[in-house]
Structure formats: C-alpha cells, structure tokens
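Participant: Let me give you the structure first, and then I'll get to my questions.
Coordinate-derived values only; no laboratory data. Just so it is clear, the structure is predicted and the values come from calculations on it, not from any experiment. All Cβ positions, glycine included, derive from the backbone under ideal geometry; neighbour counts span all protein chains shown.
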Amino acid sequence: MLRKNTYNEFVKILSKPRSFLGIGALTLLILLIIFAMKADGKSIISFVTASFEQTLSFNGHILNGYLIAFIILQMLIVHVPLLVALVTGDLISGEAAMGTIRMLATKPISRTKIVLSKFIAGAIYTLILILWMGFLAVIVSQWIFGTGDLIVLNSDGLTILQEQDILWRFGAGFMVAYLALLTVSSLSICLSAFAENSIGPIVATMAIIILFTIIGTLDVSIFDTIKPYLFTTHMASWRSFFENPVDMGTIMESVLILVVHNILLVALAIWKFNRKDITS
Amino acid sequence: MKTLLSILLLLPLVGLAQSSAKLNKVITKLNTVKDYSVDVEVKADIPMIKILPSKAKVYFKQKDKFKVVSKGIVILPKQGFSEINTFLSDKSKYMAIEGDTSKIAGVVVQLITVIPSGEDNEIILAKLWVDDSRSLIIKTQITTKSNGTVTTNYTYGDMAKFALPSKMVFEIDVKKFKLPKSVAADINQRSTEKKDDKRTKGSITVNLSNYKVNTGLSDELFKKKS
Amino acid sequence: MSNTIIKVQHLSKRFGTFQAVKDVSFEVNKGDVFGFLGPNGAGKSTTIRCLLSLIKADAGSLELFGKNLSSDRNEILRQTGSIIEKPDFYKYMSARKNLEVFARISGADVDASDIQNMLEFVGLGDRGPHKVGGFSHGMKQRLGIAQTLLHNPELIILDEPTTGLDPQGIIEVRNLILKLKNEQHKTILLSSHQLSEIELIANRMVIINKGVSIVEGEVAELLNSTELMVSYEVENANDLVNYLTNAKPALHFQVISDRIVEIALNKNEVPALTEELIHARIRIHAIEPKRKLEDYFMKIIAS
C-alpha cells in the first residue's frame, strides 16, 4: 500500500502546475546565468582573482563548464529550497484545505504510510529537481564552455582543482546538496502536518531557513554552541568537496546531522498526523 | 619568465660603465636564441592558493612574443615583467653598477645593480647575479612599486649553451592578497575561529624540459584567439 | 457470523471545552438502511467521523464487522465506502484520474474498465477526462458516489448525500440506495435532513440530540407506536366537527380551514372512521396523513 500511495502522491505532484513552475524557474535561472557568463564571464573571474593578479598571472582555460557549474550551484543554493518548499509544503496542508484529506484518511492505509508516501514522493521530486539542475549546470555548461581546471574561491583562499579530479566532486557534492534539499522537503512536510492551509508551511519553511542562515553567518561567539546543529550550517557542505584535501570527517559530520534532521522531522510529522482529528 | 628573457635580451641597451662587458657576453649568448618552445611543470606554494603541480607549453619569439598554452590552470609570476622590459629598452632611464662577487650554490657570481634614474618607473630596483665564467644569470631580484619584490633563482642543464635554464624558482610577496568581501561570509563556517596563514612570501618552481630552439615559430602562433 | 455490522457503545468526544458527543450507542445490522438522525449540532458528523477513524473518540467502543476499529482499522475500511458532507476531489486532475488515485489505495483490484463502468453508472461516462475543477456540485456528488462504490464495499456510510442536489438528483440517489439494498444487499448508514427520504427508504434508525442517543429501532415500529395526524378535506368542516364532537368525543382534532380538519388517529383507526363519516353523509374529498417521521422527530427532539 505504501508503494501504491507513493505512486499516487507522485501523480498528484506531477498534476499540479506549480511543480513545473519550479522546474521551469530553475531552468530559466540557470540559462540566464549561462548567458551572463558567456557574455561577460571574464569580469566575474577578474573580480575573484583581482588581488592575486597584481603579482600572478593565471593561464589556461579558466572560464570553463566546471566553473560555470560551480557558480550555478553556489548561486542557486538559496533559491532552490524555495522551489522545493513550494511543492512539498503543500502536501498535507494543501489536502486539508482542499478537503481531500478526508477522502484519503478513510482509505485502508495507515496515517503513517500516508505521511511516508508523501515524504518519498517529495524526495523523488526533489531528486528530479537536483538532477535537472546537475544536467543543466554540468553537462550543458561543458557543452557551451568546454572543460578545464576548476578555480574555486573559498574563505581561506583560492583552490585550483585539476580537470580529471572534478567530476567525482560534483557527483558527491550534488549528493550532499540533495540531502540538504531533502531536509528542506522534510521540514516543509512536517510544518504541513501542523497547518490547515497551503501557504503557511511554505512561508514558515523559508522563514526558518533565512533565520538559521543569518544565525549561521553572524560572527558572534554566543551562537557557536548552536551553529553546528543548525541544518542550514550544513546545507553548504557540498562545497567541502571542492577543497584540497577534502575533509571527509567534516562532510560526514554534516551528512549525519542532516540525516538526523530528516529522521526527526519525518517522525514528528508522523506523530502529529497520527494524532490529528480530521475535521475539515 | 617572458619578462626575464626580455630583460636579458634588452640588456645590450643598458649603458653600463663597468659591467657592460660581462652583461654583453650574457646578452650575446641569449641573442643566439631567436625562438624556442619548452615544456614546463609549475609547482606553486603560495599562501591562500592551493594548486597541484600543473603542466604547460611555453613559446617565445624575439623580441617580446610570449605564450603559455595549457589545458589546466597554470600560475606564473607577473610582477614587474612588462615594466622592466620597457624600462631597459631606454638606456637613459637607468644606471648599472657592478658590485661584489659572492657564491650562490658553490658558483662564483658577480652582482650587477640596475637603478632607474627617473621617478615615474614602476621598477624601483633590479639586481642581477651573473656567472661570468659561463655568461649565465644565476639570480635576479626585481622590486616594483605596486607588487613588491620577486627573487628568481636559475639552474641550468644541457641548454646552458643557449642560456636557457632547466629550473627557475620564483619567490614572491603575498602581503597584498585579499579575498573579495562577498566571500568573507562563509555559510559553511561552524565557529568564529579563523585559520590564517601568516606567511608573507610564496614560491613558484618552474621545471623546464624538452626545449626546441630556433624552429622558426610563426607570428600567428602568438596571436590571441577572440 | 454476527448480523451486526456496526456496534457503537457509549461513544464520547470532546473538542476543547465543547462536548460534541456525550453518550451515543446504536447498532446497525447487515442489510439495514439505517437512518442516523438529529438536529444540527447533535453530533452526527462527529460520530460518523469516529466510525471512519477521522477522529479519535475519547471513550466508548466502536466495532465494525465484529472487529475493533482501533486494532483492525485497515481491514474494516477495506469493506467500507463513504461520503462525508460534500465529496472533495483533486480539482487539477480529471474525474478518471481521481478515481484511479482512490481506487489504488482502496484495497480492491480495480481496473480501467471498472472505473469507466462506474462513471457510466453514475451518469458521468463521457466526463472521465474532464478536470473536476469544472464540475457542478451535482456532478461532484455523483463522482463521490462512484468513488464510494468503486471497490464494492459491504458497508456504505452516507453523510448528507443529497445536499445541494436538485429534485431529480435526490430521486436518483434514493433509487440508488434502494437498489444497493435490495439487489446488492449492502448495509447503508444514512445521515440526512431529508426526513421524507429517510422515512421512505430506511428500515431502522437512531435519533440523537445534544450528543446523546435518544431512541433507536425499526422505523415502522417507532412511527406506528404513535398517533398519526390525518388531514380530512371535506365539503364543510363544520359538519365534520359536529359529528366528531357528538359521536367521537375522545378523538383529538384541529380545524385547519373551512374545509380541512386534522384528526389524531392510530393508523389502523383510519379505515373505520372514514367508513363512519361516509355513513354520516359527510362528503370527503381527500384523506392525507401528515408526515409521520417529521412529526415524530420534532416530538422526540422537543422532549
């Protein structure tokens, strides 16, 4: 029954216009970035290397597909969570608002399976979103800009990664980025279990992400205790794959924290939905 | 690299009272090379930059055509190269003074100091340590107004007869390296502790091999692709 | 095997400080069309939602098909179909797709031809590909019935199924219910404000008020145990009044107009009185019993 209802949930997601709005918006954003980089990418590179270029000259094919892919991933990390929440935040509360939750909850499927199937369908949608993003960012960018070494600006300086050493980093980076987006999906579904309207969980999800991100970036030692446990702190862990050497310990710590967040959020959603009196 | 060779080629224009003969011998040797191509392996050890050893091919043609071709990203020093090139082309703009002899890596070398005469030059001071017995430059130290000092050490192999080095080690100033402010906020940071590399100098080691000298390189090779 | 399909005992449910259901008990037998009656706010919807596990009861027991609802929920719901208030569907999907979605988790093997047959059965055969967002209320109600019957449930729970339907729609629903009872021997729990409909099709009923069940039993028995108000339309009401006053002083009656008098009678007294009036040369134009259930219902609620 879990498999059947997961299929149902996915059919419902694909039937909603806003699901394609998200994919369309993402496509447009990425194509815009690619167009901008094609038109004036060199000045963006100069911005990054400006202070080094007084003393050094950087030779080689810097403006390549890998750099564009990295920039796309970097720029969209704030926007893609919204596109995820737009669809997944609606999964329970949207049905409550529409009244269909009543029809669903009188079927011979447990409420736990209802929530799990929504979570899985949301996870599949999020996967499609990130795979599409990966395809446009990595494959299409390579097709337009070619390949080469990747120059990455981290908080401790420039890291230059060799071409043959990049693809696996993108693969692993996208996997961790997916886990981060999955956490957003779980958060929005959890909030959806508490609400009776469509828009509330979506707005609440974004507000939480923004608040936690601000706390995470404030250079104030009083927040040092909680920063490691905020899921937003770990949402950019994918970037750690573009350091040299890769700090697998830190990355695995982030993965663990994100996995724990997912488990707790789904458990909370299941608990709430099981206790809920459906009066709508 | 490019600018260094340009310096050496233009040195005949320098009006040297006492060391011109020694410099002239070096310049004469360098002038035997009309063009060359060479494979380089570059290892950079610079604060705030992490890069693995990278390979490139360098092309040079008299008097100042220079090109680096690489698949990957290669970092080479830039400081003071083009300025010294323009500077040495005008004999009236500097004075050369022969200094003491010393030893570098067991080799006896003669110091020649080049001092600009005007105030509007980018180069403040250039020092050359020359191995007179072989007419080879062993070390240079060039100081510019905006980019600090670059010190270069040369090692020669079987291309010494053309005064083409097999190894160059550049030591550069990194005090002015700064990250753009927009990157300063790292959303990946877990605490307020910062990791800082306090070194003020970095080095770039260039190993040169497989020289092909005087093959008649075409000017087309050096044209920039649009 | 037990004949009892639904057994509710001492059900209670509170929402905050509001006691929606205090003490409701009733039983529905196999093959019943069971009327579930009560004024607005009596607790009917809450009780039905408890039966369908939409709401968790605070106390009491709920047994369907001899099984406890808390422990055998899925098995019970596999045999149950329901419409609660107005049926809601996914507006952005077609009628067919909506039925496919619900059929997939109904626990039964339902294929595309079953869905098409059901759409035709409810008169929506050619509306399968159309989005439900464009459906009228009546069409949604019919689609709701289709969704309820698609997996061939033993028990059908209908909460106000004729709300918003036109007279033809109401008749269609009534005929469908009778068909389901008589031909397919389904058990139907029917909550409705249309007392005339309940009177026509229900064989058993319970009336609840203020969260408490008041009376339960066979419809005919309950109604026959009380007096009818029979309306006699005559040539001259005064003639009838004079006769009743003189010959039948024990009878209660009420003059409605110069031609109509309502007389309180038991059902089996009607033929005898009518014959007497004819012998007394009182010209009778029409005899009409007042709606029994409506009257009965109002009396029960008032008491």
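Participant: Identify the GluC sites (Glu not before Pro) of segment B:88-153 meeting these criteria: DSSP loop state and at most 13 other C-beta atoms within 10 Å of the C-beta.
Facilitator: On the way: sites: B:Glu98, B:Glu119, B:Glu122; in loops: B:Glu119, B:Glu122.
Answer in residue order: B:Glu119.
Participant: Show which lysines lie in cross-link reach of A:Lys118 when reach means a straight Cα distance below 26 angstrom and same-chain residues fewer than eight apart are skipped.
Facilitator: Counting by Cα, and skipping residues close in sequence, A:Lys118 has these lysines nearby: A:Lys4, A:Lys12, A:Lys16, A:Lys107, A:Lys272, A:Lys276, C:Lys56, C:Lys86, C:Lys91, C:Lys97, C:Lys131, C:Lys140.
Participant: Output wanted: per-residue J couplings in Hz (rounded whole) for segment C:29-44, from phi through Karplus 6.51 cos²θ - 1.76 cosθ + 1.60, θ = phi - 60°, x for Gly and Pro.
Facilitator: So the J values, rounded to whole Hz, are 9, 4, x, 5, 9, 9, x, 10, 10, x, x, 4, x, 6, x, 5.
Participant: Taking a ≥ b ≥ c as the square roots of the Cα gyration tensor eigenvalues, with a/c under 1.5 meaning rounded and otherwise prolate when a/b beats b/c, else oblate, which class fits segment C:5-93?
Facilitator: rounded
Participant: Rounded if a/c is under 1.5, else prolate if a/b is larger than b/c, else oblate: which is the protein assembly as shown, with a ≥ b ≥ c the root eigenvalues of its Cα gyration tensor?
Facilitator: Prolate, since a/c reaches 1.5 and a/b exceeds b/c.
Participant: Work through the residues other than B:Tyr36 whose Cβ is under 9 Å from its Cβ and net out their charges, Lys, Arg +1 and Asp, Glu -1.
Facilitator: Computed value for this residue: +2.
Participant: May I pose another question? Cβ under 10 Å from C:Arg14's Cβ, C:Arg14 left aside: what net charge do those residues give with Lys, Arg +1 and Asp, Glu -1?
Facilitator: +1
Participant: Give a residue-ordered list of calculated ³J(HN,Hα) values for segment C:164-179 (Karplus: 6.51 cos²θ - 1.76 cosθ + 1.60, θ = phi - 60°; whole Hz; x for Gly, Pro).
Facilitator: x, 8, 6, x, 5, x, 5, 5, 4, 5, 4, 5, 5, 4, 5, 5
Participant: Turning to a different aspect of this structure: Let me know the charge dipole size of the protein assembly as shown about its Cα centre in debye, to the nearest 20, where only the beta-carbon of Lys, Arg (+1) and Asp, Glu (-1) is charged.
Facilitator: Charge dipole, the protein assembly as shown, about its Cα centre: 3520 debye, nearest 20.
Participant: Something else about it: Search the structure for amide H atoms under 5 Å from the amide H of C:Gly38, placed 1.01 Å from N in the peptide plane, and list their residues when 5 or more places away or on another chain.
Facilitator: Under 5 Å from the amide H of C:Gly38 lie the amide H atoms of C:Ile208, each far enough along the sequence or on another chain.
Participant: For the charge dipole of segment A:2-274, defined by +1 on Lys and Arg C-beta atoms and -1 on Asp and Glu C-beta atoms about the Cα centroid, which residue among A:Leu29, A:Phe52, A:Thr225 has the Cα displaced farthest towards the positive pole?
Facilitator: Most positive-ward Cα: A:Leu29.
Participant: Pick out, in residue order, every one of the GluC sites (Glu not before Pro) in segment C:175-283 that is DSSP loop and has at most 11 other C-beta atoms within 10 Å; say none if there are none.
Facilitator: Taking segment C:175-283 and a limit of 11 other Cβ atoms within 10 Å, the loop GluC sites (Glu not before Pro) found are C:Glu183.
Participant: For chain A, I need the span (max minus min coordinate) of the C-alpha atoms along each principal axis, in Å, sorted largest to smallest.
Facilitator: 70, 43, 28
Participant: Sticking with this structure for a sec: In terms of modelled amide H atoms, which long-range or inter-chain residues lie less than 5 Å from the amide H of C:Leu54?
Facilitator: none
Participant: How big is the dipole moment of segment A:2-274 about its Cα centre under a simple scheme where the beta carbon of each Lys and Arg is +1, that of each Asp and Glu is -1, and everything else is neutral? Debye, nearest 20, please.
Facilitator: 1440
Participant: Could I ask something else about it? For chain C, set up a Gaussian network in which alpha carbons nearer than 10 Å are linked by springs, and say which option among C:Arg174, C:Arg283, C:Arg104 fluctuates the most.
Facilitator: In this elastic network of chain C, the residue with the biggest mean-square fluctuation among C:Arg174, C:Arg283, C:Arg104 is C:Arg283.
Participant: Got a sec to turn the phi values of segment C:100-117 into Karplus ³J(HN,Hα) couplings, 6.51 cos²θ - 1.76 cosθ + 1.60 with θ = phi - 60°, whole Hz, x for Gly and Pro?
Facilitator: 4, 4, 6, 5, 4, 10, 7, x, 10, 8, 10, 10, 4, 6, 4, 5, 5, 4
Participant: Please sort A:177-185, B:134-142, A:48-56 by packing, taking for each peptide the average over its residues of neighbouring beta carbons within 10 angstrom, highest first.
Facilitator: Going by the mean number of other Cβ atoms within 10 Å, highest first, we get A:177-185, B:134-142, A:48-56.
Participant: Here's something else I'd like to know. In peptide A:232-238, how many Cβ atoms from other protein chains are near each Cβ within 10 Å, on average?
Facilitator: 2
Participant: What number, rounded to the nearest 500 deg cm²/dmol, is the helix-based mean residue ellipticity at 222 nm of chain C, given -39500 (n - 2.57) per DSSP H run of at least four residues and division by all its residues?
Facilitator: Taken over chain C, the calculation gives -10500 deg cm²/dmol.
Participant: Using the structure shown, list the pairs from B:Lys65/B:Lys139; C:Lys44/C:Lys290; A:Lys42/B:Lys212; A:Lys42/B:Lys43; B:Lys78/B:Lys139 with a Cα-Cα distance above 28 Å, or answer none.
Facilitator: From the list (B:Lys65/B:Lys139; C:Lys44/C:Lys290; A:Lys42/B:Lys212; A:Lys42/B:Lys43; B:Lys78/B:Lys139), the Cα-Cα distance tops 28 Å for A:Lys42/B:Lys212.
Participant: Also, quick follow-up: Could you point to the residue in C:Asn98, C:Ile171, C:Leu190 farthest towards the positive end of chain C's charge dipole, with +1 and -1 charges on the Cβ of Lys/Arg and Asp/Glu respectively?
Facilitator: Going by the Cα projections, it comes out as C:Asn98.
Participant: Here's a follow-up. Can you tell me which lysines have their Cα less than 19 Å from the Cα of B:Lys93? Leave out same-chain residues fewer than eight positions away.
Facilitator: B:Lys127, B:Lys145
Participant: Would you please give the residues with an amide H less than 5 Å from that of B:Val130, counting only those at least 5 places away or on a separate chain, with H modeled from the backbone geometry?
Facilitator: B:Gln110, B:Leu111, B:Ile112, B:Ile138
Participant: Suppose only helical runs count, i.e. DSSP H with n ≥ 4. What mean residue ellipticity at 222 nm does that imply for chain A under -39500 (n - 2.57) per run, divided by all residues and rounded to the nearest 500 deg cm²/dmol? Spell out each step's value before the answer.
Facilitator: Details: 11 runs with 185 residues, N = 280.
Computed mean residue ellipticity for chain A: -22000 deg cm²/dmol.
Participant: Which of B:Ile49, C:Met298, A:Gln74 sits closest to the plus end of the dipole of the protein assembly as shown, meaning its Cα is farthest towards the positive end, when Lys and Arg get +1 and Asp and Glu get -1 on the C-beta?
Facilitator: Going by the Cα projections, it comes out as B:Ile49.
Participant: Right, here's the next one. Which of rounded, prolate, oblate describes segment A:93-164, given a ≥ b ≥ c as roots of the alpha-carbon gyration tensor eigenvalues and a/c under 1.5 marking rounded, otherwise prolate only if a/b is larger than b/c?
Facilitator: Here segment A:93-164 falls in the prolate category.
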